[in-house]
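Visitor: Structure below; questions to follow.
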Amino acid sequence: MRRWIMLSSRTALIAIGYLTLALSPAFAQSSELICNGEAGPLLQIGQQGPNRLELSEPPGGRLLEMDHWNICFRCAGFPRLDIKLRDVNSEKGGVQILAEAWRCTDTTAPETSTPEMYCIAKAGIRVGNKDTQKCSFPKGTTLAALWTALTHSPPPDKVDLWWSFPQ
């Protein structure tokens, strides 16, 4: 019994350490991002090369490539990010990531830097015709940080009304 308690305590400490790292604003600004689902990392962005990410979907994982990025900043309601991806290694159904972008509460970005003024927290991932899975980005993840991690490049200069890729 005592060994089980020590093992549980150790597991809890490791989980807290990973959670602290994942929620750190500095981690959110790095070149790699992880969007955590209920069972751990669901999307790993930035490790697979430009415009690619890994979807942790059993069995194994899927390597996805960005086909389209679309967001309208001045449309009705809050801006909604829509990323369409395709599987690099197979003809499986496409993947779509949908997320609402909110004005960051603690941003120091200039008014002219729309990608740095908007943050995303939760995202829905739709795989083919399956129900949407949910994941959470680290606190303070801006659209600029997501774009940089995904494309390995700075955000486009003109994103005032629409931000689309490819243009």
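Values in this text are rule-based calculations from the coordinates and carry no lab data. None of these values were measured; they are calculated from a predicted model.
Visitor: From the phi of every residue in the stretch 133-150, what ³J(HN,Hα) in whole Hz does the Karplus formula 6.51 cos²θ - 1.76 cosθ + 1.60 yield, where θ is phi - 60° and glycine or proline is x?
Guide: Per-residue couplings from phi come out as 9, 10, 8, 10, 7, x, 4, x, 6, 8, 4, 4, 5, 5, 4, 4, 5, 6 Hz.
Visitor: Anything over 21 Å Cα to Cα? Flag those among 92/122; 84/122; 84/139; 122/158, in the order listed.
Guide: Pairs exceeding the cut-off: 92/122; 84/139; 122/158.
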